[in-house]
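The values are calculated or read from the model by the stated rules, or taken from the named source; none is laboratory data. Keep in mind that what you see is a predicted model, and the values were worked out from it rather than measured. With ideal geometry, Cβ positions are generated from the backbone for all residues, glycine too; neighbour counts draw on all protein chains shown. Remember, those area values only see protein heavy atoms, side chains included, never the ligands or the DNA or RNA. Shrake-Rupley method; radii C 1.70, N 1.55, O 1.52, S 1.80 Å.
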Amino acid sequence: MTQNLPADYPLRDARSAWRNWLRKAAAPDLDVGIVSSFTVDALAPYLGHALLSAGWSPRIRIAPFNQVFQALSAPQAIFGGNASGILLVLPRLDEFVAEELARFCAGDSLAWTQARDKLLELASALRAARKNWAGTLISGTFPPPATPEFDLLHLDRLGIVFFERAGAFWQEAVAAIDGLHILDVGALTIQFGFQRAVDWRKWYLYRQPFSEQFLFELSNYAARLITATRRASGKCAVIDCDNTIWGGVVGEEGLDGIQLGDEFPGSAYRDFQKLLLYWRQQGVFLAVCSKNNPEDVRQVFRDHRAMVLRESDIAAWAVDWRPKSEQLPEIAKQLNLGIDALVFFDDSSYEITEVQSQHPLVRCVQVPSTPETIVSVAKHAMPFDKLEITSDDRSRVERYAVETNRQELQGSLPVDEFIRTLDLRVDTVHASSDNIARITQLINKTNQFNLTTVRLSQDQVQAMIQSPKFIVRAAVVKDKFGEYGLTCVGILEQRGSDWHISVFLLSCRVLARGVETRFLTDLASEVLARDGNRMTAEFIPTAKNAPAADFLERHGFTKSAPRLWSHHAAELAARPLLKTVES
Amino acid sequence: MLQLDESELIRIFAEVLEVSPETLSEKSAPDNVHGWDSGKAMEIVITLEEALNLEFTAGELDEMTSIGATQEILKRRGVFILR
């Protein structure tokens with residue numbers, strides 16, 4: 001996955017890629033339905049292409065236009081009964097409150113109240129859809145109206161007042177709906193330019209208001225949001241140094257020769273460092289991967305007055321003369337991450353190709369040779385997109401420093417003894433609206449200690465929390481070195497008289513200290529509390545979950561069918577803490 | 001002066017309409033080509049605009065009722081069609 005320079009005709013290529021895909025009639029793995037107050041058919045090829053580029057096999061269905069209320073009253077009808085689809089709702093003020101807007105622009109200030117009531121009705125329909133349907137629900141915000149009376153720049157400012165009121169009201173109304181995602185079409189229009197967004201020819205001929213270029217941008221933005229609802233983002237930015245975070249080659253030009261500072265081009269590199277530091281604050285690890293003399297690089301981090309990043313901001317270093325494809329796995333190992341969690345930034349197409357050929361799962365972003373575009377290219381690659389940044393994310397990088405202290409202690413003690421000295425606490429908690437975002441995040445990104453590697457959307461988790469047939473629990477872990485936060489997730493499903501472990505996972509940061517045993521004990525107690533007896537489980541092997549391979553056997557589960565393990569909840573619940581932990 | 005091979009023009013129609021170029025002629029129109037709906041019509045126009053770097057008016061789009069009619073409008077806009 002490399003970010004390439006735009007092709008000559010990106011829109012035409014997108015349309016023809018989508019046509020070719022449709023001809024293949026491949027099985028979809030993502031079902032997207034679009035409900036809109038205006039004709040939106042031309043969006044499908046671009047959205048389809050954007051989702052294909054993100055690695056999905058999408059199916060796109062478009063509900064008849066301007067039947068938003070009908071569609072929201074029975075979302076499953078759009079998907080032919082499929083309950084796990086993504087419903088994208090795109091409303092415009094033009095269709096919902098055109099008359100009120102016209103009166104408001106003519107000086108009737110009471111018209112706003114009536115418009116507000118209508119928007120409230122639309123919000124209620126969304127809330128009802130959210131309640132009655134388990135799929136993913138996304139609502140757009142409003143683009144500026146394109147009605148005859150409306151003028152964004154009218155000197156009496158009535159139009160913009162109405163538009164801003166409606167926007168603020170809508171943001172608040174939809175934000176209050178739990179589990180609804182917002183696609184900020186209004187913000188996209190600002191970014192793109194309203195005049196370029198509208199194509200009057202298409203409006204008058206086909207009731208389709210937007211230009212192809214705008215639909216293309218809207219599609220990329222929507223695909224980004226859709227992907228973030230379903231897939232883990234990158235966890236570590238691996239950065240080259242020369243011509244990436246500063247201009248020039250430090251090994252040749254020396255500490256004072258490199259370009260970094262207040263003046264262009266140094267200011268552009270400094271801004272890229274600011275972006276990296278911002279990502280670090282969002283929980284992204286930073287690692288340096290550079291073919292250089294280690295001392296030259298360290299000296300820049302230590303002594304260059306314009307450096308934004310400092311040595312302490314970097315979680316892992318690989319500075320030597322080996323191929324970068326060898327440096328990267330080492331960084332992943334050091335940070336306890338899968339190789340696919342790395343996002344590699346380098347200015348050299350050679351290095352990018354070399355890494356890509358050995359590690360196709362690593363996301364690569366080529367830093368452009370025009371410094372002024374580095375920040376926008378890096379941002380546009382969106383490698384660290386997340387719907388919500390949890391407090392857990394924000395403290396991750398700090399916790400890593402704590403982990404380094406812990407590893408030093410571990411190095412000097414036998415393992416059992418080490419665990420006893422930790423003062424480990426595992427507090428099992430119910431899943432709720434407070435922690436569901438983090439729970440979903442763990443379900444979708446945990447690769448190593450994960451019994452089944454089942455991935456679930458937040459909406460699916462929400463449905464399980466509300467169902468009596470499921471037990472959804474999480475655990476918060478801490479020890480004397482610090483807090484690890486919410487790091488365990490378990491989901492049990494009632495199957496006849498058995499309770500089946502459909503999800504059991506631990507974040508890698510709490511591995512190898514007996515946490516899984518305590519968490520399993522707590523889950524067994526929950527089963528007993530519901531008069532359950534037998535617990536069943538399955539280990540589904542993947543390329544990465546070897547750490548969980550012997551978990552069932554270690555805890556006394558026995559095979560009751562070729563792939564099914566079982567054990568008695570009473571025995572599991574009585575198991576003394578840490579007894580089965582092996583070194 | 002802008003130039004366009006007639007075969008290239010037909011190829012653009014054929015690609016968007018997902019039919020073989022041999023089945024199309026100047027007389028081809030929404031009435032006699034399966035699947036030539038308003039969405040396809042718009043996509044043909046957009047593809048032509050991209051290829052020729054010009055922009056038609058809504059009135060011109062309305063007149064593009066067949067391949068032959070489209071050629072006439074292209075000529076009016078100064079595009080020389082090579083046969």
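If you go through the range A:43-59 and keep only what is under 21 Å from A:Q208 (Cβ atoms) and surrounded by fewer than 22 Cβ atoms within 10 Å (Cβ to Cβ), you end up with just A:A44.
Picking from residues in the range A:63-103 that are crowded, with 19+ Cβ neighbours inside 10 Å and among the small types (G, A, S), the one that is farthest from A:R127 (Cα to Cα) is A:A63. Restricted to the range A:320-334, and to residues there that are surrounded by fewer than 19 Cβ atoms within 10 Å (Cβ to Cβ) and not acidic (D, E), the residue that is farthest from the chain's Cα centre (by Cα) is A:W321. When the residues of the range A:471-492 are narrowed to those that are open to solvent by 40 Å² or more (accessible area, probe 1.4 Å) and in contact with a strand residue (DSSP E or B) (Cβ under 8 Å, 6 or more places away or on another chain), which ends up nearest to A:G135 (Cα to Cα)? The residue in question is A:V476.
In this structure, is A:A106 over 22 Å from A:A175 (Cβ atoms), open to solvent by 10 Å² or more (accessible area, probe 1.4 Å) and in contact with a strand residue (DSSP E or B) (Cβ under 9 Å, 6 or more places away or on another chain)? Judged against the criteria, A:A106 is not a match. Among the residues making up the range A:530-553, those that are loosely packed, with under 14 Cβ neighbours inside 10 Å and assigned to a helix (DSSP H, G or I) are A:A546, A:E553.
Count of the range B:25-45 residues, restricted to those that are closer than 23 Å to A:N20 by Cβ, under 11 Å from the mean Cα position of the chain (by Cα) and open to solvent by 20 Å² or more (accessible area, probe 1.4 Å), is 3. Is one or more of the residues making up the range A:286-298 out of contact with any Leu (no Cβ under 6 Å at 6 or more places or on another chain) and in a loop (DSSP other than H, G, I, E, B)? Looking through the range A:286-298, at least one residue is out of contact with any Leu (no Cβ under 6 Å at 6 or more places or on another chain) and in a loop (DSSP other than H, G, I, E, B). For the range A:213-233, does any single residue satisfy the condition of being surrounded by fewer than 21 Cβ atoms within 10 Å (Cβ to Cβ) and within 14 Å of chain B (Cβ to nearest Cβ)? Looking through the range A:213-233, at least one residue is surrounded by fewer than 21 Cβ atoms within 10 Å (Cβ to Cβ) and within 14 Å of chain B (Cβ to nearest Cβ). Within the range A:31-42, being in a strand (DSSP E or B) and surrounded by fewer than 22 Cβ atoms within 10 Å (Cβ to Cβ) holds for one residue alone: A:D31.
Residue-by-condition table, conditions (1) at positive phi; (2) surrounded by 16 or more Cβ atoms within 10 Å (Cβ to Cβ):
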{"site": "A:D151", "(1), (2)": "no, yes"}
{"site": "A:R157", "(1), (2)": "yes, no"}
{"site": "A:G167", "(1), (2)": "no, yes"}
{"site": "A:W170", "(1), (2)": "no, yes"}
{"site": "A:I190", "(1), (2)": "no, no"}
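Only one entry in A:Q191, A:Q171, A:Q195 is touching a Gly at 6+ places or on another chain (Cβ under 9 Å) and free of Cβ contacts under 8 Å to residues at least 40 places away in the same chain, namely A:Q171.
In this structure, B:E55 does not qualify as open to solvent by 50 Å² or more (accessible area, probe 1.4 Å), touching a Gly at 6+ places or on another chain (Cβ under 6 Å) and more than 22 Å from A:A17 (Cβ to Cβ).
Yes/no per residue for (1) within 9 Å of chain A (Cβ to nearest Cβ); (2) over 27 Å from A:P10 (Cβ atoms); (3) in a helix (DSSP H, G or I):
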{"site": "B:F13", "(1), (2), (3)": "no, no, yes"}
{"site": "B:G39", "(1), (2), (3)": "yes, no, yes"}
{"site": "B:I46", "(1), (2), (3)": "yes, no, yes"}
{"site": "B:A69", "(1), (2), (3)": "no, yes, yes"}
{"site": "B:E72", "(1), (2), (3)": "no, yes, yes"}
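Out of the residues in the range B:1-11 that are open to solvent by 10 Å² or more (accessible area, probe 1.4 Å) and out of contact with any Phe, Trp or Tyr (no Cβ under 6 Å at 6 or more places or on another chain), state the one that is farthest from the other protein chains (Cβ to nearest Cβ).
B:E6
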